[in-house]
Amino acid sequence: VPAQRRPASAQGEDGPGRALPDSVLTALVAALDRLEAAAGRDVSVAVRLLIDTGRRPTEICKLPWDCVEQDRDGKYALIYTDFKNNRAGRRLAISDATAALIVEHKQRVRQRFPDTALADLVLLPRVYRNPHGTQFLSDNAVARAHRDWVDRLAPLQHPDQTEFDKSAVFLYAYRHSYAQRHADAGTPVDVLRELMGHRSVATTQGYY
């Protein structure tokens with residue numbers, strides 16, 4: 001089975017070595033408008049949040065509508081559930097730009113489903129059989145749209161201008177890239193382990 005088609009567990013979900021080069025991430029972010037045109041705003045927002053936050057696809061796809069909090073210092077946190085480790089109410093510090101993206105999308109969702117109770121709304125509603133906006137977009141649907149989008153893009157390039165293998169651009173690669181960015185920036189290993197929810201610190205250490 002080709003690598004990009006395998007389930008995340010078969011790809012070594014949290015293992016290091018699959019981070020995308022900055023040049024590839026930059027090209028992907030620049031092309032998100034094409035993903036939105038092909039698959040809709042919800043899918044493009046899901047992929048941008050995967051890039052920005054390093055969360056697992058299910059954690060992003062199952063975000064409730066009210067998933068951002070701002071503290072007294074003006075800093076924002078994403079509130080999500082770590083389904084793999086059965087931990088609800090997890091908090092992740094996010095940038096102002098990521099928070100603004102979520103807030104803007106919340107407004108769009110509310111406009112689409114004005115009569116649904118806010119506690120029942122989801123941030124990324126699926127398109128079909130979802131008249132009240134209470135059903136989540138599936139990570140499989142995002143993965144399919146993402147694969148088609150990546151395959152249709154112009155060739156991606158390594159920093160040395162050689163062509164990058166598009167099969168290495170799958171949803172969990174954004175999680176690896178997030179971890180690698182933190183390791184490169186000197187985030188302490190115990191902090192990164194907590195951010196990633198790794199069971200073993202050895203997995204986290206691999207990014208260093």
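Does the range 146-159 contain at least one residue that is part of a loop (DSSP other than H, G, I, E, B), more than 26 Å from LEU78 (Cα to Cα) and at pLDDT below 95? Yes, the range 146-159 contains at least one residue that is part of a loop (DSSP other than H, G, I, E, B), more than 26 Å from LEU78 (Cα to Cα) and at pLDDT below 95.
When HIS158 is tested against (1) touching a helix residue (DSSP H, G or I) at 6+ places or on another chain (Cβ under 6 Å); (2) surrounded by fewer than 17 Cβ atoms within 10 Å (Cβ to Cβ), exactly one condition is not met: (1). Surrounded by fewer than 17 Cβ atoms within 10 Å (Cβ to Cβ), closer than 26 Å to SER95 by Cβ and in contact with a Gly (Cβ under 9 Å, 6 or more places away or on another chain), is that true of ARG175? Considered against the rule, which asks whether it is surrounded by fewer than 17 Cβ atoms within 10 Å (Cβ to Cβ), closer than 26 Å to SER95 by Cβ and in contact with a Gly (Cβ under 9 Å, 6 or more places away or on another chain), ARG175 comes out as no. Close Cβ contacts (under 9 Å, 6 or more residues apart or on different chains) running from residues in the range 147-163 that are under 10 Å from PRO21 (Cβ atoms) to residues that are exposed (fewer than 10 other Cβ atoms within 10 Å of the Cβ) and of a type outside the set (Gly, Ala, Ser) comprise LEU156/GLU163; GLN157/GLU163.
Listed by first and then second residue, the pairs linking a residue in the range 56-76 that is among the charged types (D, E, K, R) to a residue that is not in a strand (DSSP E or B), with Cβ atoms under 7 Å apart and 6 or more places separating them unless they lie on different chains, are ARG56/LYS84; ARG56/ARG175; GLU59/PHE83; ASP66/LEU118. In the range 31-57, the qualifying residues are those that are open to solvent by 30 Å² or more (accessible area, probe 1.4 Å) and among the aliphatic types (A, V, I, L, M), and the one that is nearest to the chain's Cα centre (by Cα) is ALA39. In the set (1) more than 20 Å from HIS182 (Cα to Cα); (2) modelled with pLDDT under 95, the condition left unmet by ARG110 is number (2). Residue count for the range 127-178 satisfying the condition of being farther than 14 Å from ILE51 by Cα and among the aromatic types (Phe, Trp, Tyr): 4.
Go through the residues of the range 22-29 one by one and say whether even a single one is hydroxyl-bearing (Ser, Thr, Tyr), under 15 Å from ILE102 (Cβ atoms) and either more than 10 Å from the chain's Cα centre (by Cα) or modelled with pLDDT under 95 (or both). Taking every residue of the range 22-29 in turn, none turns out to be hydroxyl-bearing (Ser, Thr, Tyr), under 15 Å from ILE102 (Cβ atoms) and either more than 10 Å from the chain's Cα centre (by Cα) or modelled with pLDDT under 95 (or both).
The values are calculated or read from the model by the stated rules, or taken from the named source; none is laboratory data. Worth saying up front: this structure is predicted, and the values here are computed from it rather than measured. For neighbour counting, all protein chains shown are included, and Cβ atoms are generated from backbone atoms with ideal geometry for every residue, glycine included. For accessibility, only protein heavy atoms count, side chains too; no ligands or nucleic acids. Shrake-Rupley method; radii C 1.70, N 1.55, O 1.52, S 1.80 Å.
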